[in-house]
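This is the structure I want to talk about, given as structure tokens.
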Amino acid sequence: MIPAPVTAASERSRTLLTRARILEAARQQLDRDPDASLGDIAEAAGVVRRTVYDHFNGRAALVEGLVAEAAQALRRALAVPRVPVADAVTELARFVLAVWPVGDRYRILLRLAPQDLGADRLTEVLAPARDMAEAIIGRGQLQGAFQTSVPPAVLTRALEGHLLGLLDCVNSGVWSDDGTGTATAALIAMGVNADSAATCVHGLVRPDGDAA
């Protein structure tokens, strides 16, 4: 049987698949050991070290690849169409439930990005989420649903710190959550009554664990 000819499209597809496999191996290996070497990652990906260097010219480039992948996943999560809601409490709960799985998947970047790329890169990745959260919080303050003792921009940074702190607690093994506990805690931090916050989040999560 004559093998199918290698076309530019098939070669590009194979290259992208190899790159994706290396990134997934890197995410898993670095999650287990932040000091994992490129050799460890190559072995986990089932490729030789040279292949890793064909795609990434060093550790910083590999981490940047993970950061770019995380940024794309975050943008996709924020862009998922949802039925419009009037109240900001529900909107913020949806927001947290949408971004938590992305943050949880790429939480190792909280430890890697500052040392390998610089804090500004992480800030750049989080910018779309920050802008959306600030708009929601601003509406919530106008509706009287959230505390108004600080401006929306400041409260947004506090929420961001809250979420990143919980993700780092997952890294440390002292916190585990599917997003519901985090969303409830976020609403409470914004000034929502605890029972109301829990009821709101519970109403958004389907039995299969997905957010509505």
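Amide H of Val205 versus every other amide H placed in the peptide plane: which residues, excluding those fewer than 5 positions away on the same chain, fall under 5 Å?
Sorted by chain and number, the residues that satisfy this are Ala212.
Given a 1.4 angstrom probe, I'd like the percentage of the accessible area of the chain that is carbon and sulfur, rounded to a whole number. Display every interim value, and only then the final one.
Details: 6360 of 11310 Å².
Taking all protein chains in place, the chain shows 56 percent carbon and sulfur surface.
Considering only C-alpha atoms, what is the centroid distance from segment 139-212 to segment 30-56, in Å?
So the separation of the two Cα centres works out to 36 Å.
Here's another thing I want to ask about it. Using only Cα atoms, find the angle between the long axis of helix 59-79 and the longest principal axis of the chain, and express it within 0 to 90 degrees, rounded to the nearest 10.
Helix 59-79 sits roughly 40 degrees off the main axis of the chain.
For segment 1-64, what does the equivalent ellipsoid look like in terms of its semi-axes, each the square root of 5 times an eigenvalue of the Cα gyration tensor, given largest first in whole Å?
Values: eigenvalues 138, 26, 18 Å².
Square roots of five times the eigenvalues give 26, 11, 10 Å.
With the cut-off at 33 Å, report for the chain the share of all Cα pairs above it, as a whole percent.
Across the chain, Cα pairs with separations above 33 Å total 26 percent.
Hey, what does the equivalent ellipsoid look like for segment 68-132, semi-axes from the Cα gyration tensor as sqrt of 5 times each eigenvalue, largest first, whole Å? Intermediate values should be presented prior to the final figure.
Working: eigenvalues 124, 24, 20 Å².
Equivalent ellipsoid semi-axes, largest first: 25, 11, 10 Å.
Where does the charge balance sit around Ser13 when Lys and Arg score +1, Asp and Glu -1, over other residues with C-beta under 13 Å from its C-beta?
+3
Ok, one more. Nearest 10 degrees is fine. How inclined is helix 8-32 to the longest principal axis of the chain, computing both from alpha carbons?
Tilt of helix 8-32: around 60 degrees.
In addition: Tell me, what is the per residue accessible area of the chain in Å², probe radius 1.4 Å? Write down the numbers at each step before the final one.
Numbers: 11310 Å² over 212 residues.
Per residue, the chain has 53 Å² of solvent-accessible surface.
Here's another thing I want to ask about it. How large is log10 I(q)/I(0) at q = 0.13, 0.17, 0.20, 0.22 Å⁻¹ when the Debye formula is applied to the Cα atoms of segment 1-110, each weighted equally and without solvent?
Calculated log10 I(q)/I(0) at the listed q: -0.63, -0.86, -1.02, -1.14.
How far, in degrees from 0 to 90, does helix 152-172 lean away from the longest principal axis of the Cα atoms of the chain, to the nearest 10?
So the helix axis and the longest Cα principal axis differ by about 50 degrees.
Decide, for segment 91-212, between rounded, prolate and oblate: order the square roots of the alpha carbon gyration tensor eigenvalues as a ≥ b ≥ c, take rounded if a/c falls under 1.5, and otherwise choose prolate if a/b is larger than b/c, else oblate. Show your work: numbers first, answer last.
Working: a/c = 1.98, a/b = 1.24, b/c = 1.59.
Judged from the Cα gyration tensor, segment 91-212 comes out oblate (a/c at least 1.5, b/c at or above a/b).
The values are calculated or read from the model by the stated rules, or taken from the named source; none is laboratory data. Quantities reported herein were computed from a predicted structural model and do not represent experimental measurements. Neighbour counts run over all protein chains shown; Cβ positions are idealised from the backbone, glycine included. The protein model used for the area step is the full one, side chains on, heavy atoms only, and it has no ligands, DNA or RNA in it. Shrake-Rupley method; radii C 1.70, N 1.55, O 1.52, S 1.80 Å.
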